[in-house]
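Chemist: Handing you a structure now.
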Amino acid sequence: MPIDPTDLSEAVATELLPDLPDTEGCDNGYDWMEKLRGTGWTPLAGDRDGRLYGDWPYQVVAHYSDAECSLYGLAVYTEGDVSVEGFRDRKARDKATDAYLEDEDDE
């Protein structure tokens, strides 16, 4: 069902995001990434400096982007559990995503 942009002012962003795949049957984050195909969610590898997002395969970070509706999502798979946050602004989502960058000391 298409999202009506006028509904965004009334709705909670996470309720408008596409469903994430179930983690059942996923032994690790690689399995979950396979299930993301075709959902609109995209797993992130690393930033332009080469630092990884998350700690693959234990933690995987994924994004959803719909600029037309100003709807952006951040999903994090951590050892079988998934958390999700919704944002109206891409920059806010990207700033929240930076919390999952590996520390430079971990390289």
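The values are calculated or read from the model by the stated rules, or taken from the named source; none is laboratory data. Predicted, not measured: the structure shown is a model, and the values here were computed from it. Positions of Cβ are generated from backbone atoms using ideal geometry, with glycine treated the same way; all protein chains shown enter the neighbour counts.
Chemist: Please go through region 17-70 and give me each residue that is at positive phi and among the hydroxyl-bearing types (Ser, Thr, Tyr), ordered by number.
Modeler: SER70
Chemist: Looking only at region 59-96, how many residues end up being of a type in the set (Gly, Ala, Ser), assigned to a strand (DSSP E or B), surrounded by fewer than 22 Cβ atoms within 10 Å (Cβ to Cβ) and in contact (Cβ under 8 Å) with a residue 40 or more places away in the chain?
Modeler: Summing the residues that are of a type in the set (Gly, Ala, Ser), assigned to a strand (DSSP E or B), surrounded by fewer than 22 Cβ atoms within 10 Å (Cβ to Cβ) and in contact (Cβ under 8 Å) with a residue 40 or more places away in the chain in region 59-96 gives 1.
Chemist: For region 34-55, which positions are part of a strand (DSSP E or B) and either of a type in the set (Val, Ile, Thr) or within 22 Å of GLU24 (Cβ to Cβ) (or both)?
Modeler: TRP41, THR42, PRO43, ASP55
Chemist: Any residue in region 39-51 that's under 11 Å from GLU102 (Cα atoms): show its pairings with residues that are assigned to a loop (DSSP other than H, G, I, E, B) at Cβ separation under 6 Å, as long as the two are six or more apart or on different chains.
Modeler: That search, which allows pairs on different chains as well, returns ARG51/GLU102.
Chemist: Output the residue which, of all residues in region 55-107 that are of a type in the set (Gly, Ala, Ser) and in contact with a strand residue (DSSP E or B) (Cβ under 7 Å, 6 or more places away or on another chain), is farthest from PRO21 (Cα to Cα).
Modeler: Here the residue is ALA96.
Chemist: Checking SER65 against (1) at pLDDT 95 or above; (2) touching a Pro at 6+ places or on another chain (Cβ under 7 Å): exactly one of these is not met. Which one?
Modeler: Every condition holds for SER65 apart from (2).
Chemist: Out of contact with any Leu (no Cβ under 9 Å at 6 or more places or on another chain) and at pLDDT below 90: which single residue out of ASP81, ASP103, ASP98, ASP89 fits that description?
Modeler: It is ASP103.
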